[in-house]
1. Counting other C-beta atoms within 10 Å, which of Arg87, Arg132 has the fewest, and how do the rest follow?
2. In a shell of Cβ-Cβ distance under 12 Å around Ser149, excluding Ser149 itself, what net charge do Lys and Arg (+1) and Asp and Glu (-1) give?
3. What net charge is computed for the residues neighbouring Tyr36, neighbours being all others with C-beta under 13 Å from the C-beta of Tyr36, Lys and Arg scored +1, Asp and Glu -1?
4. Using the alpha-carbon centroid of each, what span in Å lies between the range 29-55 and the range 184-244?
5. Go ahead and set up a Gaussian network model of the chain, Cα springs under 10 Å, then flag whichever of Ala46, Ala29, Ala257 fluctuates most.
6. Quick one: angle between helix 37-55 and the longest Cα principal axis of the chain, in degrees between 0 and 90, rounded to 10, please.
7. May I ask for the angle, rounded to the nearest 10°, between helix 23-33 and the longest principal axis of the chain, with both axes built from Cα atoms and the value confined to 0 to 90°?
8. Report the local net charge at Thr128: Lys and Arg +1, Asp and Glu -1, summed over other residues whose C-beta lies under 9 Å from its C-beta.
Amino acid sequence: MEDYIYKALALNDECKVYVVRSTNIVNTAIAKHDLYPSAASVLGKAMTIGLMMGGTLKLDEEVTIKLDGNGPIGYVCVDANSHGNVRGYCQNPHVNFTRNDKIDDITTLGCNGYIDVIKDLKMENLFTSSIRINTGDLAKDFTYYFTKSEQTPSAILLSSLFDVDNTCKVCGGVLLQLLPNASEKTISYLEKKLSKITEFSQILNNTNELEDILKLLFENDYKLLDKYEATFFCPCSKSRFVNGLLTLSENELLDMANDTKDTEVTCRYCNTQYSFTPDEIKNIYNLKKENNK
Ligand SMILES: [Zn+2]
């Protein structure tokens, strides 16, 4: 089953909805980063939020989310765009906490730190916003973020389930955002509906067609605006790392060029390794000298 993002307008056009299934993306991240389940759960949920936020963006706009709750997982970094591409990594992938047989995201992430959101809206300045992590529960903390930092009253459902072999069984989420014209009737309908959803993970697990979640939430009062595939995608390449190496000093490059060993660089987002021979480093060094003239 492919991962998807569904965008809809619901409840008399007063509510925007983003539904995401990200199971394959989480399993790709597990394979790339060797994530243990609770690290995979936190990173997976952060990537799911990234995809939902990406859904709110236009064209080539991008969003970066950085989380640091001062917990065992360390910091978590996610990039997403409006085309359903997401990538992410965490500082400590070998983290696994459970409580009452359930994955414990809060202990994993910690609840004493910050959420930073950086949006590249292809304008002169980046949009940046930072809020405290209050609970360590990403659905709650991002609900607060949207209300506080983006002045958009929102609700978030977020869930992940893991199999005994430590692969992700299902991960996904729903972001509901009230439009400025939202009526009391719509607000109370949503409050009532959401209060009845106690096990979102089971709903997600039992749903093959994401549109069924829209039906469950809104019956027939919704319009599907768009749906597209979501994938773990990292645009890194050896030539991009050349640009990174060019930021080193001439002396540092010269040291590397005089080394007999290849220089290995690893993309933190996808763990792909790129190696540069001493000759290739020498060329980069020459390019740097040329640029500095
Ligand atoms: Zn990469």
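Every number in this text was worked out from the coordinates using simple rules, so none of it is lab data. Remember, it's a predicted structure, so these values are computed and weren't measured experimentally. Cβ sites come from the backbone with ideal geometry, for glycine too, and all protein chains shown count toward neighbours.
1. Listed from fewest to most nearby Cβ atoms, that is Arg132, Arg87.
2. Once positives and negatives cancel, what remains is 0.
3. -4
4. 15 Å
5. Result for the chain, Cα springs under 10 Å: Ala257 fluctuates most.
6. Computed tilt is about 80 degrees.
7. Value to nearest ten degrees: 30.
8. After counting each charged neighbour, the total is 0.
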